[in-house]
Amino acid sequence: MNDARPLELQVCRHCARVQYPAREVCRDCLGGELERQAVDSAGELLSWCRLHASLEPWFQQRLPWIVVSVRLHAGPVVLAHWSGDEPVIGQTVGVQWTSDHEGRDVLTAQARG
Ligand SMILES: [Zn+2]
């Protein structure tokens, strides 16, 4: 994972709800004016798991691999790849967009002091 970029997510122009994943309309007010904006990248680590198997050759060479669930302070709950020491439930983490080994946008998270 590389190419870290600030966390931008879809925000409703009508009610200001931040939503993820992106949708055609706002899940609260059904408004259709949504735009991608920078949002607070901090959140609380809700849960995590350590993967010991994968069908993807790239991940097979890097196992075990940790994936976390984070409730962003901006609202949405996201799944993200983890980097760093073993995560602790409840800890404050930072989330950002990065590019995976095939150039796809993925979310990554790490401990935030
Ligand atoms: Zn809305």
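Run the numbers on the chain and let me know its relative contact order in percent, using alpha-carbon pairs under 8 Å that are six or more apart.
RCO, the chain: 27 percent.
Within the shell defined by Cβ-Cβ distances under 9 Å, the residues around Trp58 carry a net charge of -2, with Lys and Arg each +1 and Asp and Glu each -1.
Taking a ≥ b ≥ c as the square roots of the eigenvalues of the alpha-carbon gyration tensor, the stretch 1-67 is classed prolate because a/c is 1.5 or more and a/b outweighs b/c.
Dividing the C-alpha radius of gyration of the chain by 2.2 N^0.38 Å, with N its residue count, gives 1.13.
Projecting the Cα atoms of Leu55, Ala4, His14 onto the charge dipole of the chain (Cβ charges, centred on the Cα centre) puts His14 farthest toward the positive pole. In sequence order, the stretch 16-26 has phi-based couplings of 6, 5, 9, 10, 8, x, 4, 9, 6, 9, 5 Hz under the Karplus curve 6.51 cos²θ - 1.76 cosθ + 1.60, θ = phi - 60°, and Gly or Pro positions carry x. Using a simple spin-label model with pseudo-atoms 7 Å out from Cα toward Cβ, Ala4 and Glu56 lie 2.0 nm apart. So which GluC sites (Glu not before Pro) in the stretch 15-96 end up in coil per DSSP with only 11 or fewer other C-beta atoms within 10 Å? Qualifying residues, ordered by number: Glu24, Glu33.
How much FRET efficiency would the formula 1/(1 + (r/R0)^6) give for Glu33 and Ile89, where r is the Cβ-Cβ distance and R0 is 41 Å, rounded to 0.05? Display every interim value, and only then the final one.
Numbers: r = 36 Å, r/R0 = 0.89.
It comes out at approximately 0.65.
Out of the stretch 31-113, which trypsin sites (Lys or Arg not before Pro) are coil in DSSP terms and have no more than 13 other C-beta atoms within 10 Å? Taking the stretch 31-113 and a limit of 13 other Cβ atoms within 10 Å, the loop trypsin sites (Lys or Arg not before Pro) found are Arg62, Arg104, Arg112. Under 5 Å between amide hydrogens, built in the peptide plane, is the criterion, and for His73 it picks out Ala42, Gly43, Glu44 among residues at least 5 positions away or on other chains.
The numbers here are math on the coordinates, done by the rules we state, and not lab data. All values derive from a computational prediction rather than experimental measurement. Neighbour counts run over all protein chains shown; Cβ positions are idealised from the backbone, glycine included.
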